Each structure stands twice: as C-alpha cells, then as structure tokens.
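Each remark here refers to the structure printed beneath this line.
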Amino acid sequence: MDSYPDPAVHSARDHRCNSARDRLIVALDFPAASEALKLVELLDMQCQWFKVGLELYIAAGPSIVTTLVERGYSVFLDLKLHDIPNTVASAVRSAASLGASLLTVHASGGPRMLAAAQEAAQALSTAPQLLAVTVLTSMSQPDVTAIGLPRSPAEQVLLLAQMGLSAGISGFVCSPLEVAGLRALTGDAGILVIPGVRPDGSAAGDQQRIATPAQALRLGASSLVVGRPITQASNPAAAASAILAEMSACLGS
Ligand code: C5P
C-alpha cells in the first residue's frame, strides 16, 4: 500500500524534516468554497498544506478537496469520523478517492473502529494517512471530567494513542501540551499533527490547551495546524509569514 501519495506527506511524516512550509497546515474554516479559495490564492507562494474541516466540507462538498488536490496542494481532510466500525471503514474508502493526504478519525470510537478504519485504508492502493484525534484541544480538565472520564487530558491522550497504535495507526492529533509525551510513546515514526497553536499575542478563542509554534515544534510536533491566527488576521499573508519565520528559526532552516 502507498499511504503517502505526495512528497509533502513524506516530509510531514518526519518530524525532523527542516522545512517549515512542509510542516504548516492552514485550517480553511470558511462557510463557502469561494472564501476558502481566495485565502488559498493569497497564501499560494507560502503554503503547501490546507485543512478542510467540517464547516467547509459540509458547505462546499467533496469537490473542494479535489479542487485543492488538482491545484497541487496537500490536503488534510479533518472529518473526525466517529461511528460504528463498518460505517467508518466505508467512509475511509469514500474519502480516499478524493486524494487527501491526511484523514482524521476519533480515537474515542474505540479499538474495533480504529482497526476497521486502518484495515480499510491499508486495503487501498492509495489512501490518506489516518490520524486518530485524541482529546480535542478545546477541552480542559473540567470538560474531560464532565464527559465522565476519570483521567487528566494528558492521561486520556496517552490511553487513546496506545489504542491507536495497537490498531496500527501511527498518526495522532493532540494539543501541544501532550505532544512530548506522545512523541516519547511513538518515537520518530509517529506523525503528530498539532492544533491549538497560537503565536504570542494572538487570541486563544475556544482553544484551551495551547502553545506557540516554536514551543509545539520543540516539544516534538510533526506538523502544526493554524486557523484563526492566519484566517482572521488583517493581513493573512503577513501572519503566515511570521509563523513560518518562527518555525524556520526553531528548525534552524
Ligand atoms: O482557528 P484554530 O487555529 O483554533 O483552528 C484549529 C483547527 O484545528 C480547527 O479547524 C479545528 O477544527 C481543528 N482541530 C482542533 N483540535 C483538535 C482537532 C482539530 O482544533 N483536536
């Protein structure tokens, strides 16, 4: 199986790779394809990776993914699949045909759901790298307690990551606060994609477990997901440049 359909994914896979461009994923959280593509055009010279999440996917449909892929970008399809094993496996097969490089499933769907998703991906000639979402970066300890979990977010992330690894999944989404622990668990093979990234001075919004781009990279992130600090900036290209410069300085490139 070829899980890595484009060279950029090979870069994202290796957290020691030194290219900031290959390790920044801009979250296209917009209500329409036209707005998303306008930002993509603005960032064309700087960014290779874009994330399509639920808002844009529901509004624009699968064609937004194929459009981005056809234009040569690498796409992280953040659908956070969470359903019975058979349904998630089928959704993985449907999503794979769109050409995205990364696809999320919720680790809390459990071991059989994760295994079914991974088996479905493995059976395809070309499939996205699966990322298991651990604990959402918007959740703090009271939120984790409120859904009945007796652990800290960090403990829950490790438990879910162990479950993912046992199912054969080597990619994970967690907050910057757990990335060091998760890196210790996965070693260099882990693909750790980290949202909750906030440059100094930018608003946290609904994110609870956050860090700066440099901190997240130093802690072991493979790739960083950044949305509002770029998309809501008065000058998105300048905001992306500043983040890429911070990342490059940290990576020594
Ligand atoms: O605007 P912001 O930088 O907070 O965007 C973060 C993006 O990462 C959003 O699209 C959100 O859905 C996604 N995400 C997240 N936390 C996770 C998984 C995905 O914030 N655990």
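The values are calculated or read from the model by the stated rules, or taken from the named source; none is laboratory data. Nothing here was measured: the structure is a model prediction, and the numbers come from that model. FYI the Cβ positions are ideal-geometry reconstructions off the backbone, even for glycines, and counts take in every protein chain you see.
Is it the case that some residue within segment 105-123 is touching a strand residue (DSSP E or B) at 6+ places or on another chain (Cβ under 7 Å), surrounded by fewer than 19 Cβ atoms within 10 Å (Cβ to Cβ) and closer than 21 Å to ILE64 by Cβ?
no
Yes or no, residue by residue, for (1) within 16 Å of the ligand (Cβ to nearest atom); (2) in contact with a Ser or Thr (Cβ under 9 Å, 6 or more places away or on another chain); (3) closer than 23 Å to ALA60 by Cβ; (4) not aromatic (Phe, Trp, Tyr):
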residue: LEU81; (1), (2), (3), (4): yes, yes, yes, yes
residue: ILE84; (1), (2), (3), (4): no, no, no, yes
residue: LEU103; (1), (2), (3), (4): yes, no, yes, yes
residue: ARG112; (1), (2), (3), (4): no, no, no, yes
residue: ALA120; (1), (2), (3), (4): no, yes, no, yes
residue: SER140; (1), (2), (3), (4): yes, no, no, yes
residue: PHE172; (1), (2), (3), (4): yes, yes, no, no
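Which condition does LEU192 not pass, out of (1) within 17 Å of THR134 (Cα to Cα); (2) outside any strand (DSSP E or B); (3) touching a helix residue (DSSP H, G or I) at 6+ places or on another chain (Cβ under 7 Å), if it passes all the others?
It is condition (2) that LEU192 fails.
With the structure loaded, tell me whether ILE194 is within 13 Å of the ligand (Cβ to nearest atom), modelled with pLDDT under 95 and aliphatic (A, V, I, L, M) or whether it fails that test. Lay out the reasoning, then the answer.
Details: within 13 Å of the ligand (Cβ to nearest atom): yes; modelled with pLDDT under 95: no; aliphatic (A, V, I, L, M): yes.
Considered against the rule, which asks whether it is within 13 Å of the ligand (Cβ to nearest atom), modelled with pLDDT under 95 and aliphatic (A, V, I, L, M), ILE194 comes out as no.
Looking at ALA161, ALA216 in this structure, which one is under 22 Å from GLN48 (Cα atoms), in contact with a strand residue (DSSP E or B) (Cβ under 6 Å, 6 or more places away or on another chain), in contact (Cβ under 8 Å) with a residue 40 or more places away in the chain and more than 10 Å from the ligand (Cβ to nearest atom)? I'd like the intermediate steps shown before the answer.
On the way: ALA161 fails: under 22 Å from GLN48 (Cα atoms).
Going through ALA161, ALA216 in turn, the sole match is ALA216.
SER223 is checked against (1) more than 20 Å from VAL40 (Cα to Cα); (2) away from the ligand (no atom under 11 Å from the Cβ); (3) crowded, with 19+ Cβ neighbours inside 10 Å and fails just one. What number does that condition carry?
Against the list (1) more than 20 Å from VAL40 (Cα to Cα); (2) away from the ligand (no atom under 11 Å from the Cβ); (3) crowded, with 19+ Cβ neighbours inside 10 Å, SER223 comes up short only on (1).
List the number of the failed condition for THR126; all other conditions in (1) within 15 Å of the ligand (Cβ to nearest atom); (2) in contact with a strand residue (DSSP E or B) (Cβ under 6 Å, 6 or more places away or on another chain) hold.
The number of the failed condition is (1).
Go through ALA221, ALA203, ALA240 for me and flag whichever is among the aliphatic types (A, V, I, L, M) and part of a helix (DSSP H, G or I).
Result of the check over ALA221, ALA203, ALA240: ALA240.
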